[in-house]
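Enquirer: One structure, as structure tokens, below. Some questions next.
The values are calculated or read from the model by the stated rules, or taken from the named source; none is laboratory data. Note that the coordinates shown come from a computational prediction; the quantities given were computed from them, not determined experimentally. Using ideal geometry, Cβ is built from the backbone for each residue, glycine included, and neighbour counts are taken over all protein chains shown. The accessibility values were calculated without ligands, DNA or RNA, using every heavy atom of the protein model including side chains. Shrake-Rupley method; radii C 1.70, N 1.55, O 1.52, S 1.80 Å.
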Amino acid sequence: MTARLMPQVVLMEMQMPGLHGVDAAQRILATSSDSQIICLAAEEPSWMLRRALEAGVRGILGKNCGLEELLRAITAVTNRQLYLSPLLADAAIAACIDRPGRAAATGVFVLLTSKEREIVQLLAEGLSTKEAALHLGLSYKTVAAHREHASAKLGARGIADITRYAIREGLVVP
């Protein structure tokens, strides 16, 4: 839809059913590179905020922000500036600063491909492999192969392990 409408600003949730905000931002910017994306975030891990910024998100707001803050964010991103909610700025900045001795994030955005993340998210949301295949317009075998690759990378022995991982990494909200 963004490729067709070419919006100046896209306001979206970081946690969405079926596709995580980071992956959605990458897809939007691939087809609508002039769009400025603002994500509404809850209590995302700081490394996830960094991944959102790396994906091209220009504004990050708390889900409970007021109208005035939303308008400030829209104004900032339309002027090609970055906007971080004061409530989330410390965590986002800390994740972007390279501190000696700090362990690198090895979360879902490092371990899994975009398609594997999408499938893990759908499975953790309760879809079967067949339902995920229908949802994505892929064959059952393709989705099953991605599921197996993700399971191997995560050391997951089944859907329960995948679901626990997805919740822990913020792909789905319990």
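Enquirer: Counting other C-beta atoms within 10 Å, and keeping those with at most 14, which DSSP coil GluC sites (Glu not before Pro) do you find in the range 10-71? Provide the component values of the computation, followed by the final result.
Expert: On the way: sites: Glu13, Glu43, Glu54, Glu68, Glu69; in loops: Glu43.
When the GluC sites (Glu not before Pro) of the range 10-71 are filtered for loop state and at most 14 Cβ neighbours within 10 Å, Glu43 remain.
Enquirer: While we're looking at this one, here's another question. If DNA, RNA and ligands are ignored and the probe is 1.4 Å, what is the ranking of Lys141, Lys63, Lys115 by accessible area, most exposed first?
Expert: I get Lys141, Lys63, Lys115, largest accessible area first.
Enquirer: Right, another one. For the range 149-164, what does the Karplus curve 6.51 cos²θ - 1.76 cosθ + 1.60, with θ = phi - 60°, yield as ³J(HN,Hα) per residue in whole Hz, taken in order and with x for Gly and Pro?
Expert: My calculation for the range 149-164 gives 4, 4, 4, 5, 5, 8, x, 8, 9, x, 4, 4, 5, 4, 5, 4 Hz in order.
Enquirer: Same structure, new question: Let me check I've understood the local charge: for Val22, count other residues with C-beta under 9 angstrom from its C-beta, Lys and Arg +1, Asp and Glu -1. What total comes out?
Expert: So the surrounding residues net to 0.
Enquirer: Continuing with the same structure: Taking 0.36 nm per residue of sequence separation and subtracting the Cα-Cα distance, how much length would be gained by fully extending the chain between Leu111 and Ile167, in nm to one decimal? If you can, show how the numbers build up before the last one.
Expert: On the way: separation 56, 0.36 × 56 = 20.16 nm, distance 1.53 nm.
Residue separation times 0.36 nm, minus the Cα-Cα distance, leaves 18.6 nm.
Enquirer: Mind giving me the nanometre distance, one decimal, between the label points for Lys153 and Met1, set 7 Å out from Cα along Cα→Cβ?
Expert: Spacing of the two 7 Å Cα→Cβ label points: 2.8 nm.
Enquirer: At a 1.4 Å probe, what is the % contribution of carbon and sulfur to the accessible area of the chain?
Expert: 56 percent
Enquirer: If I fit a long axis through the Cα atoms of helix 86-96 and take the longest principal axis of the Cα atoms of the chain, what angle between them do I get, 0 to 90°, rounded to 10?
Expert: Computed tilt is about 60 degrees.
Enquirer: Rounded to the nearest Å, what's the spacing between the alpha carbon centres of the range 1-61 and the range 122-174? Just the number, please.
Expert: That distance is 22 Å.
Enquirer: Continuing with this model, one more query. Could you go through the range 66-80 in sequence order and give the Karplus-derived ³J(HN,Hα) for each residue, using 6.51 cos²θ - 1.76 cosθ + 1.60 with θ = phi - 60°, rounded to whole Hz, and x for Gly and Pro?
Expert: Taking θ as phi minus 60°, the curve returns x, 4, 4, 5, 4, 5, 4, 5, 4, 4, 4, 5, 6, 8, 6 Hz for the range 66-80.
Enquirer: At 222 nm, what helix-only mean residue ellipticity would the chain give, in deg cm²/dmol to the nearest 500, using -39500 (n - 2.57) for each DSSP H run of four or more?
Expert: -16000 deg cm²/dmol
Enquirer: Calculate, in whole percent, how much of the Cα-Cα pair population of the chain lies beyond 19 Å.
Expert: Working: 8789 of 15051 pairs.
Tail of P(r) above 19 Å: 58 percent of Cα pairs.
Enquirer: Is the range 34-87 best put as rounded, prolate or oblate by its Cα gyration tensor, with a ≥ b ≥ c the root eigenvalues, rounded for a/c under 1.5, and otherwise prolate when a/b is larger than b/c, oblate when not?
Expert: Oblate.
Enquirer: Another question about this same structure. Which residue fluctuates most in the GNM of the chain (Cα springs below 10 Å): Gln121, Gln36, Gln81?
Expert: Gln81
Enquirer: Let me ask something additional. Using amide H atoms built in the peptide plane, which far-off residues or other-chain residues are under 5 Å from Val10 H to H?
Expert: When sequence neighbours closer than 5 places are left aside, the close amide H contacts are Gln36, Ile37, Ile38.
Enquirer: What net charge do the residues around Ala132 carry, taking every other residue with its C-beta under 10 Å from that of Ala132, with Lys and Arg at +1 and Asp and Glu at -1? Walk me through the intermediate numbers first.
Expert: Working: positive: Lys130, Arg147; negative: Glu118, Glu125, Glu131.
Within the 10 Å Cβ shell, the charges total -1.
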